[in-house]
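The values are calculated or read from the model by the stated rules, or taken from the named source; none is laboratory data. What you are looking at is a predicted structure, and each value in this text was computed from that prediction instead of being measured. Reconstructed Cβ throughout: ideal geometry from the backbone, glycine too, with neighbour counts over all protein chains shown.
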Amino acid sequence: MGRELRRTSMGGPTVFVVDEDVTVRRSLEPLILAAGFQPQTFGTAREFLARLHPPAPSCLILDLLLPDLSGLEVQRRLADRQSTMPIIFLTAVGDIRMTVQAMKAGAVDFLTKPFGDELLLDAVADALERSRAALVEAAMVDALRERFASLSRREQEVMALVVSGLLNKQVGGELGISEITVKAHRGKVMRKMRADSLVGLVNMAARLRLGSQGTTGSLAPTPAFRYR
């Protein structure tokens, strides 16, 4: 029942499968389709990486040992592209070292062959939930970045210092401007960022990973990992 509810909310997300074994691909394709997801299968890593992946709910079922590139290399290349697609690794060998590497790099699940259909589908449903949440978060952060970019340089500096906990007088001292000027900039920041309170502004800065100089960093979600 839980997976059914998640499927409906996804609206037919894509499940990519990269595995050298054609029997694995042929068995997983109808299973994924019957579960209400859209399967796309590949026999090599390079074939998968050459395909454009639009930002939509999706996950990747990836064999750890591939003929052209290792699953870890595929994971690294996706990370270089700033992809947040959750990865479920498949392996016939319980290699602890490679498992740890995959886990540290953000793998969400690790299934040892042979595995049951329900186990795989549960992993896929969970991965797709994570994908959807990551896309929603990314859209919200993009909107915040647009608002932040609309601030003047001075407004960005004021925002960074305000959310760090400094009072208006202290912000003025840091920037060499009057307290009244700080208040004026602060009011513009609140309006442009659409923040209804200081707490709201602080939360926005946290999502933007705002530095003390008013610079933003990239967000890289770290999903929980399971080995099964």
Among (1) small (Gly, Ala, Ser); (2) farther than 29 Å from Ser27 by Cα; (3) not in a helix (DSSP H, G or I) - the single one Gly172 does not satisfy | (3)
Taking only pairs six or more apart or across chains, which ones have beta-carbon atoms under 7 Å, a first residue in region 153-169 that is in the same structural domain as Val182 (by TED's automatic domain parsing), and a second residue that is basic (Lys, Arg)?
-> Glu155/Lys188; Val158/Arg186; Val162/Arg186; Asn168/Lys183; Asn168/Arg186
What do you reckon, is Val171 among the β-branched types (Val, Ile, Thr), under 15 Å from Leu198 (Cβ atoms) and more than 28 Å from the chain's Cα centre (by Cα)?
-> yes
When you go through Leu69, Leu128, Leu120, Leu62 one by one, which is the residue that is out of contact with any Leu (no Cβ under 6 Å at 6 or more places or on another chain) and surrounded by fewer than 21 Cβ atoms within 10 Å (Cβ to Cβ)?
-> Leu69
Top-ranked residue in region 161-215 [being on the phi > 0 side of the Ramachandran plot and either in contact with a Phe, Trp or Tyr (Cβ under 6 Å, 6 or more places away or on another chain) or among the charged types (D, E, K, R) (or both); ranked as modelled with the highest pLDDT] | Arg194
Examine region 133-155 for a residue that is surrounded by 14 or more Cβ atoms within 10 Å (Cβ to Cβ) and among the polar types (S, T, N, Q), and state whether such a residue exists.
-> no
Among the residues of region 12-51 satisfying the criterion of being among the hydrophobic types (A, V, I, L, M, F, W, C) and part of a loop (DSSP other than H, G, I, E, B), which is nearest to Val74 (Cα to Cα)?
-> Phe37
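Conditions (1) of a type outside the set (S, T, N, Q); (2) within 15 Å of Phe16 (Cα to Cα), marked per residue:
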residue	(1), (2)
Pro30	yes, yes
Ala35	yes, yes
Leu65	yes, no
Gln82	no, no
Met98	yes, no
Phe110	yes, no
Gly116	yes, no
Ala138	yes, no
Asp142	yes, no
